[in-house]
Amino acid sequence: MNGRSASPTTTCQPSSLAETAEVLTSVLLPTVVRGAIVRRPAGEALATATESDRRIVSVLRSLRERHGDDPLPLRHTGRRIALVLAPADVRRILEGTPDPFSPGGAEKRGALSHFQPHGALVSDHGARPRRRRANEEALALGELIHPEADTVAEHAYSEARALVLALRNAGPQGGVLDWSRFSETFDALARRVVFGSFAVRDRRATELLRALRARANWSYLLPADQRRRKEFLDRVRANIDRAEPGSLAARLGRPGSGERPEDQVAHWLFAFDAAAIASFRALALLTSSGPAAEAARTEALTEDGADLPLLRATLRESVRLWPTTLVVIRESTRETVWRERTIEPGTAFLVMSSYFHRDPARLPYADTFEPGVWTDGRAEGEPAIVPFSHGPAGCPGRDLVPLTVSFLLRTLLRGGPLNRVDGAPPLRSHGLPSSLNHFALRFSY
């Protein structure tokens, strides 16, 4: 509640049928096609070709001009949905989690139950605080440099150095860094960071998770694959039992505890995939022209410690420019009052990330690679720039992930000058595309 009263009847009307149709076709359908839980190559290619993210910004800005700042209920969708249109409301909703805005709405519960039915985000009010606290402690939320930073750096160096050597030894025909090769390296790094070096061989866990996530794209429309889910969670439990000192899993409770650590770790592995996408796009930014990219490359080549602020900021910029969480959803647990509107309980409030991250009418750096907005506080001061969400249900790995990626990027950049070889010109520091298909990116030394 914002302390302002509203009448049950208001002159601020919900969307018309025509507007709802436009939102469904130009905003929601492209999001579904791309895949909310695991990206579909065809969907990403289509989004890039049609500049669907730029269209989302245009449509939502137009709706705000016509309807005002209040969240806009959509008619005739078969579900109570409201589009969030004002930046201040993003902060209100995310800080108002879990009451009155639950992070575990029907769509999210349906999706995440495919591979982590007891994860913190979809847990009930009784279990969520304990599980959330366990995640925060293991991932060291609030600490820019994780207590196990030295171990993380060793893993990142090992995986990145092996990749560099493989590319250099492959010759001109095979030495191309594409998404398949990069994601394989990143998956191995994630398993090492989470469990320890032994887990680099457990490719089966990653394969199972990817298959489960593909079903999760359909949320509650598809039943859970019970056999695969059991095999996956059993493997995670076994890896937690073997977790090495210095790993993230070693900082979490053991299987059998009320925190259900196997489900929490399942979410970490899922989230690391989004980090891989953001990291690969960050490489495209780091091969761009301009002083910001040059400064980040210099940091990689000259700084040997754990504190790499420009590389961490590059990762955050990658997620701001091309969000890996396409839409943030919170479901109201009770009636909420806005400026001129009262919205009923059970409404799913949709925060479309690209609209708030890339609106040039509001952000002078909307389409620019500007890592300085993360080092000087400008981005943190924007209530709707949420690359790792925000509030009580925000990503507890929002410090760990940029740290891990900064170590990986440093080693890759030290392997020699990287060049784009996918036929597209290097990115410029400004006028960046609204979408960037990571499946199509290719680099070589």
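Does region 33-140 come out rounded, prolate or oblate by the C-alpha gyration tensor, with a ≥ b ≥ c the root eigenvalues, rounded set by a/c under 1.5 and, if not, prolate when a/b is larger than b/c and oblate if not?
Oblate, because a/c is 1.5 or more while a/b does not exceed b/c.
Explain nothing, just compute: Karplus ³J(HN,Hα) = 6.51 cos²θ - 1.76 cosθ + 1.60, θ = phi - 60°, for every residue of region 106-117 in order, whole Hz, x for Gly and Pro.
Along region 106-117, the couplings run 4, 5, 5, 4, x, 6, 6, 5, 5, 9, 8, x Hz.
Among ALA348, GLY377, LEU308, whose Cα projects farthest towards the positive end of the dipole of region 291-387, with charges put on the beta-carbon of Lys, Arg (+1) and Asp, Glu (-1)?
ALA348
Can you work out ³J(HN,Hα) from phi for every residue in region 404-414, in order, using Karplus 6.51 cos²θ - 1.76 cosθ + 1.60 and θ = phi - 60°, giving whole Hz and x for Gly and Pro?
Going residue by residue, I get 4, 5, 4, 5, 5, 4, 4, 5, 5, 5, 6 Hz, with x marking Gly and Pro.
Using a simple charge model, +1 on the beta-carbon of Lys and Arg, -1 on the beta-carbon of Asp and Glu, nothing else, what dipole does the chain show about its Cα centre, in debye to the nearest 20?
1060 debye
Averaging sequence separations of C-alpha pairs under 8 Å and six or more residues apart, then dividing by the length of region 89-189, give the relative contact order as a whole percent.
Reported as a whole number, the value is 14 percent.
Counting only C-alpha contacts under 8 Å and six or more residues apart, can you give the relative contact order of the chain as a whole percent?
28 percent
Considering amide H positions built from the backbone, and no H for Pro or chain starts, which residues 5 or more places from THR342, or on another chain, come under 5 Å of its amide H?
Sorted by chain and number, the residues that satisfy this come to none at all.
Compute the relative contact order of region 295-395 as a whole-number percentage, counting only Cα pairs closer than 8 Å that sit 6 or more residues apart in sequence.
28 percent
So how far, in whole Å, is the C-alpha centre of region 117-191 from the one of region 40-57?
Here the answer is 27 Å between Cα centres.
Taking 0.36 nm per residue of separation and subtracting the Cα-Cα distance, what length does fully extending GLU340 through ALA49 add?
Result for the pair: 100.9 nm of gain on full extension.
Does region 100-183 come out rounded, prolate or oblate by the C-alpha gyration tensor, with a ≥ b ≥ c the root eigenvalues, rounded set by a/c under 1.5 and, if not, prolate when a/b is larger than b/c and oblate if not?
oblate
Residue by residue through region 148-155, which ³J(HN,Hα) values in whole Hz follow from phi under the Karplus form 6.51 cos²θ - 1.76 cosθ + 1.60 (θ = phi - 60°), with glycine and proline marked x?
Running phi through 6.51 cos²θ - 1.76 cosθ + 1.60 with θ = phi - 60° gives 9, 4, 4, 5, 4, 4, 5, 4 Hz.
Would you mind telling me which residue in GLY372, GLY305, GLY394 has the biggest mean-square fluctuation in a Gaussian network model of the chain, where springs connect alpha carbons within a distance under 10 angstrom?
Judging by the Gaussian network model, the answer is GLY305.
Of all trypsin sites (Lys or Arg not before Pro) in region 224-328, which ones are in loop regions per DSSP and have a Cβ with at most 15 other Cβ atoms within 10 Å?
Filter output for region 224-328: ARG242.
Counting Lys and Arg as +1 and Asp and Glu as -1, each charge on the Cβ, what is the dipole of region 273-381 about the Cα centre in debye, to the nearest 20?
Computed charge dipole of region 273-381: roughly 360 debye.
What does the C-alpha gyration tensor say about the overall shape of region 175-318? Classify as rounded when a/c is under 1.5, otherwise prolate if a/b is larger than b/c, or oblate.
prolate
Of GLY104, GLY142, TYR157, which is farthest along the charge dipole of region 68-209 in the positive direction, counting Lys and Arg as +1 and Asp and Glu as -1 at C-beta?
Going by the charge dipole, the pick is GLY104.
Around ILE385, under 12 Å between beta carbons, what's the net of Lys plus Arg minus Asp minus Glu among the other residues?
+1
Assign unit charges at the C-beta atoms only (+1 for Lys and Arg, -1 for Asp and Glu), then state the dipole size of region 265-335 relative to its Cα centre in Debye, rounded to the nearest 20.
260 debye
Out of region 124-216, which GluC sites (Glu not before Pro) are coil in DSSP terms and have no more than 14 other C-beta atoms within 10 Å?
When the GluC sites (Glu not before Pro) of region 124-216 are filtered for loop state and at most 14 Cβ neighbours within 10 Å, GLU143 remain.
Taking the simple approach of a point 7 Å from Cα along Cα-to-Cβ for both SER289 and LEU301, what is their distance in nm?
That separation, rounded to one decimal, is 1.8 nm.
Where a number appears in this text, it was derived from the coordinates with a stated rule and is not lab data. Remember, predicted model here, so these are calculated numbers, not experimental data. We place every Cβ from the backbone using ideal geometry, glycine too, and count neighbours over all the protein chains shown.
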